[in-house]
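Worksheet for the structure shown next.
The values are calculated or read from the model by the stated rules, or taken from the named source; none is laboratory data. All values reported here derive from a predicted model rather than from experimental measurement. Cβ atoms come from the backbone with ideal geometry, glycine included; neighbour counts cover every protein chain shown. Note: areas computed on protein heavy atoms with side chains; ligands, DNA, RNA excluded. Shrake-Rupley method; radii C 1.70, N 1.55, O 1.52, S 1.80 Å.
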Amino acid sequence: MAERMIPNTIEEITPEWLTQPLTQSGVLQNNIVGKITPQIIGEETGYMGILARLHLEYEKPEEKAPATMIAKIPTQQKKNKMLSEAFMNFERENHCYSGFLDNYNLKTPTCYFSDFDAGFSEKKIDTFYHRYGTLPNGLLLLYFLYTGLRNVKLKRRYILLIEDFKSFEYIDQRIGCSFDDAKLVIQGLGKGQSSFWNSPQLDKYWLRDHADMPNIMNMLSQMGIKNLKKSFKKELSQKELDVFDWFKKNSHKLDLHSKTRPHTLLHADYRLDNLFFDRKKNEIAVLDWQTCCPGMGVMDAAYFLLHGGSQAFTADQATELIKIYHQALVDNGVEDYSYETCLDDYKYGLMLAIRYVLIIAGGTELNDPAARKLGIMWLERWKPIFEAIDLNTLLNN
């Protein structure tokens, strides 16, 4: 039997190696890969993962064999890899593509092959997240860094071979989409989330609700607030500062409240860069599941509303999109969840989404010109939604 090998770089994906997993998964029938021409997508070192489009030639014609596919391996950027390993994002995504997303009621990439080195036991993962939720800040930061660095030193390998969406339309997040496209995005989200609404399938040891680790969510978001205040001192409005200050008192209460609400599978990075538009079917397709977790579904909707439009969404437009999201849930079988309840949940889903953005800001070098430009764009796009937040109605604050 040939020794099991998981490529650590795109260059290690050879025709000889690729033939074996594609045969194993049934993609190839009595055929071999003759030639691979890789094309790196995005940054060569990857932000959270390295993506390459593989142009394939086979020894003989095979109708169902894909002409291209996407290979995904972990990022080579040390800081980002450490963060991903600390939260076990690579393992989470591989698990998702290993059959879990087959039940998702929205187009996701066909997975041709998924493999990764053996991970931690359920007991060990429970220990990680328990400590993320209970340790005080001083010890928590040290433990978080220790966990990430230790996991990186294990040199675990991960690979995904998935469907190429090159025939679908991609809209750059920096450009943003129209309001009509936003309706399609939000409708698709409701349809997809209906698949796991209050589902026991969410009870997986490799999935964790962010609310189960409140201490680290609070610590990382406070780091983000500090970073934003330092980098965008002149750009931040008083309302934005008030919202940031709200988290100092209410982050833990927000997590407790979210645990009482209906749960589904959150994508947790539901933005245009992870969405594709199938114009023939007037549908969307979703990829990149590294950060998925159980949680309040409307958080994904709120996260998209903060920055997805080519122009900032007004408060009225946001309300209209939440109504579309709710109707998609109902149309796809979600019961006992009224629009009024959904609209109330949106207030808290929005705060969860903002906190997630703050966490991203905490790990970003905002003095970098490209990052600063992106940060300014986010501040401009979320202003109308921020201004509409009534902090006095949240958690009886």
Going through region 104-142 one residue at a time, which ones are at pLDDT 90 or above and under 22 Å from residue 76 (Cα atoms)? 113, 114, 115, 116, 117
Taking region 266-295 and keeping only residues that are open to solvent by less than 10 Å² (accessible area, probe 1.4 Å) and of a type in the set (A, V, I, L, M, F, W, C), one is left with 266, 268, 272, 275, 277, 284, 285, 286, 289, 292, 293
Would you check if residue 253 is open to solvent by 40 Å² or more (accessible area, probe 1.4 Å), out of contact with any helix residue (DSSP H, G or I) (no Cβ under 8 Å at 6 or more places or on another chain) and in a helix (DSSP H, G or I)? yes
Return the pair list, or none, for Cβ contacts closer than 7 Å from residues in region 117-135 that are farther than 19 Å from residue 158 by Cα to residues that are open to solvent by 50 Å² or more (accessible area, probe 1.4 Å) and assigned to a helix (DSSP H, G or I), at least 6 apart or on different chains. 129/212; 133/212
With respect to the numbered conditions (1) open to solvent by 10 Å² or more (accessible area, probe 1.4 Å); (2) within 23 Å of the chain's Cα centre (by Cα), which one is the sole condition not fulfilled by residue 325? (1)
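Residues of region 226-242 being of a type in the set (A, V, I, L, M), surrounded by fewer than 20 Cβ atoms within 10 Å (Cβ to Cβ) and outside any loop (DSSP other than H, G, I, E, B), which ones? Write out each step before concluding.
From region 226-242, those of a type in the set (A, V, I, L, M) are 228, 236, 241; that's our starting set.
Now drop any that are not surrounded by fewer than 20 Cβ atoms within 10 Å (Cβ to Cβ), which leaves 236, 241.
Across region 226-242, the qualifying residue is only 241.
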For residue 369, all conditions in the list (1) under 29 Å from residue 207 (Cβ atoms); (2) at pLDDT below 95; (3) exposed (fewer than 15 other Cβ atoms within 10 Å of the Cβ) hold save one; what is the number of the exception? (1)
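Taking residue 141, is it within 16 Å of residue 219 (Cα to Cα) and open to solvent by 60 Å² or more (accessible area, probe 1.4 Å)? Give the derivation first.
On the way: within 16 Å of residue 219 (Cα to Cα): yes; open to solvent by 60 Å² or more (accessible area, probe 1.4 Å): yes.
The answer is yes for residue 141.
Considering only residues that are of a type in the set (A, V, I, L, M) and either open to solvent by 20 Å² or more (accessible area, probe 1.4 Å) or in contact with a Lys or Arg (Cβ under 6 Å, 6 or more places away or on another chain) (or both), which ones fall in region 203-219?
Restricting attention to region 203-219, the residues satisfying the condition of being of a type in the set (A, V, I, L, M) are 207, 211, 213, 216-217, 219.
Listed by number, the list holds a single entry, 211.
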Log entry, pairs with first residue in region 90-104 being touching a residue at least 60 places away in the same chain (Cβ under 8 Å), second being β-branched (Val, Ile, Thr) and not in a loop (DSSP other than H, G, I, E, B), beta carbons closer than 7 Å, six or more apart or on different chains, reads 97/162
